[in-house]
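Chemist: Got a structure for you, written out below as structure tokens; questions coming shortly.
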Amino acid sequence: QVQLVESGGGLVQAGGSLRISCAASGRTFSHYAMGWFRQAPGKERDFVAAIGRDSTNLADSVKGRFTISRDNSKNTGYLEMNGLKPEDTAVYYCAAGVRGLAVRAGLYDYWGQGTQVTVSS
């Protein structure tokens, strides 16, 4: 089992920056790929970014603005978000899985509870 807890969400103005974190406990974090997804009200949960041991994958909508990283010594993953837009407003979830840099939410085994990110215009 892996337990995931997100933190760092909040309210930010358009154009601003925010870094959210995902703290993992349980099994060895470094064995898992980590993904970030987001879900806006009334919409599906969408892929944002994923990171493995030495590779990353980002959704086209966030390329050039968001950066995913991880610190296995701290069992923590991060999503650095710059140039935020109102359409980035959503609950952001981190997930862990063993199926590589998957973009489908169903391929992840463990999920956090989510952290709200709100971008005002």
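Chemist: If you take the residues in the range 7-39 that are among the charged types (D, E, K, R) and more than 12 Å from TYR110 (Cβ to Cβ), which one is most open to solvent (accessible area, probe 1.4 Å)?
Modeler: It comes out as ARG19.
Chemist: For VAL117, only one of the following conditions fails: (1) assigned to a strand (DSSP E or B); (2) in contact (Cβ under 8 Å) with a residue 60 or more places away in the chain; (3) out of contact with any Leu (no Cβ under 9 Å at 6 or more places or on another chain). What is its number?
Modeler: (3)
Chemist: A further question on this structure: Select, from GLU80, GLU87, the only residue that is within 19 Å of SER121 (Cβ to Cβ) and not in a loop (DSSP other than H, G, I, E, B).
Modeler: Criteria check complete, one pass: GLU87.
Chemist: Related question: List the number of the failed condition for THR89; all other conditions in (1) farther than 28 Å from GLN1 by Cβ; (2) in contact with a Lys or Arg (Cβ under 8 Å, 6 or more places away or on another chain); (3) of a type in the set (S, T, N, Q) hold.
Modeler: In the conditions (1) farther than 28 Å from GLN1 by Cβ; (2) in contact with a Lys or Arg (Cβ under 8 Å, 6 or more places away or on another chain); (3) of a type in the set (S, T, N, Q), THR89 misses (2) alone.
Chemist: Turning to a different aspect of this structure: Strands (runs of 3 or more DSSP E) wholly in the range 1-70 with at least 1 residues that are within 11 Å of the chain's Cα centre (by Cα) and modelled with pLDDT of 95 or more - which ones?
Modeler: Per the criteria, 2-7, 18-26, 33-39, 45-51, 56-58.
Chemist: Now for a separate question. Working only within the range 56-99, note down all residues that are of a type outside the set (A, V, I, L, M), in contact (Cβ under 8 Å) with a residue 40 or more places away in the chain, closer than 15 Å to HIS31 by Cβ and surrounded by fewer than 16 Cβ atoms within 10 Å (Cβ to Cβ).
Modeler: ASN72, ARG99
Chemist: For the structure I just gave you, tell me whether SER30 is of a type in the set (Ser, Thr, Tyr) and within 15 Å of TYR93 (Cβ to Cβ).
Modeler: So SER30 fails the test.
Chemist: When both residues are 6+ apart or on different chains and their Cβ atoms are under 8 Å apart, which pairs have a first residue that lies in the range 26-49 and is acidic (Asp, Glu), and a second that is not in a strand (DSSP E or B)?
Modeler: Listed by first residue and then by second, the contacts come to ASP46/ALA59.
The values are calculated or read from the model by the stated rules, or taken from the named source; none is laboratory data. A quick note: this is a predicted structure, and the numbers were derived from the prediction, not measured. Cβ: placed from backbone, ideal geometry, glycine included. Neighbour counts: every protein chain shown. Protein only, heavy atoms only, side chains kept; ligands, DNA and RNA dropped before computing areas. Shrake-Rupley method; radii C 1.70, N 1.55, O 1.52, S 1.80 Å.
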